[in-house]
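Starting off with a structure, shown below.
The values are calculated or read from the model by the stated rules, or taken from the named source; none is laboratory data. Predicted model only: the values in this text are computed from it and were never measured. When we count neighbours, we look across all protein chains shown, and the Cβ atoms used for this are built from the backbone with ideal geometry, even at glycine. SASA here: full protein model, heavy atoms, side chains in, ligands and nucleic acids out. Shrake-Rupley method; radii C 1.70, N 1.55, O 1.52, S 1.80 Å.
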Amino acid sequence: MEKMPYQPEMDSPMTTTSTTAVSSDWRNALPALTGSKVTLRELEVSDAASLFAMLTTEEVSRFISPPPTTVEGFERFIAWTLRQRSAGTYACFAVTLKGSDIAIGIFQLREVDPGFGTAEWGFAIGSPFWGTGVFQDGAEQMVTFAFETVGVHRLEARAAVKNGRGNGALRKIGATQEGLLRKSFRKDGEYLDQMLWTILDEDWQANCHWGGRTVQVH
């Protein structure tokens, strides 16, 4: 999901909106998901500074829509994610290394069809942690959460064709390359082609929980 659900208005003073209370555990608070390398947990406003440092570098932001441009903008983005989680349409996890609570990236899950029959997921991780296994470990947790906790049937991801690292990461976790979305992503005034990747719940079940690895949910 190369489009962060950020809007430029998030760099303006926050306005208060109301949300409807719903009765589902993950809608009340996201669980902590612990793998071998990372823990995914609910975002906190205190994560704003580290996410600003990690996600606004040129190499990270190259293939995502512009993230917030200030620490305060990230604070408002985080507050927005909590409201959307409470409304039951979106979940966003901070990525932290085992033994540390500093956010080095995010994983996101967005409802496409009502009830999460189809959902879109995406990620952004600080470049110092590329190629370290952080993505693989976090992705396994995120996809397990999508299918087992949220009840997603079809999980979609999009990556610019030029984003070789992103496409390779999606292929590595077993996603199916399903199609080409022509000129579907606008970045820096240019429309880019994207690849559409999917995982179905039946695919995930057939692959037996990522080769037998266990995800701990707290």
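Of 133, 197, 68, whose Cα points farthest to the positive end of the dipole of the stretch 68-217 (charges on the beta-carbon: +1 Lys, Arg; -1 Asp, Glu; origin at the Cα centre)?
68
If you don't mind, there's one more thing I want to ask. For 143, 112, give me the order by solvent-accessible area with a 1.4 Å probe, most accessible first, ignoring ligands, DNA and RNA.
So the residues, ranked largest to smallest area, are 112, 143.
While we're here: Specify the inter-centroid distance of the stretch 40-104 and the stretch 124-187, based on alpha-carbon positions, in whole Å.
The stretch 40-104 and the stretch 124-187 have Cα centres separated by 17 Å.
Still on this model: Let a ≥ b ≥ c be the square roots of the eigenvalues of the Cα gyration tensor of the stretch 14-129; is it rounded (a/c under 1.5), or, if not, prolate (a/b larger than b/c) or oblate?
On the way: a/c = 1.57, a/b = 1.33, b/c = 1.18.
Prolate shape, in that a/c is at least 1.5 and a/b is the bigger ratio.
Given axes a ≥ b ≥ c from the Cα gyration tensor, I'd like to know whether the stretch 70-138 is rounded (a/c under 1.5), prolate (a/b larger than b/c) or oblate.
Note, shape of the stretch 70-138 comes out oblate.
Specify whether the C-alpha gyration tensor of the stretch 100-189 places it in the rounded, prolate or oblate class, a ≥ b ≥ c being the square roots of the eigenvalues: rounded for a/c under 1.5, otherwise prolate if a/b is larger than b/c and oblate if not.
On the way: a/c = 1.59, a/b = 1.04, b/c = 1.53.
It comes out oblate by the Cα gyration axes.
Also, I was wondering about something else. How large is ³J(HN,Hα) for each residue in the stretch 82-99, as worked out from phi by the Karplus curve 6.51 cos²θ - 1.76 cosθ + 1.60 (θ = phi - 60°), to whole Hz, x for Gly and Pro?
5, 5, 5, 4, 4, 6, x, 10, 6, 9, 9, 9, 7, 9, 10, 6, 4, x
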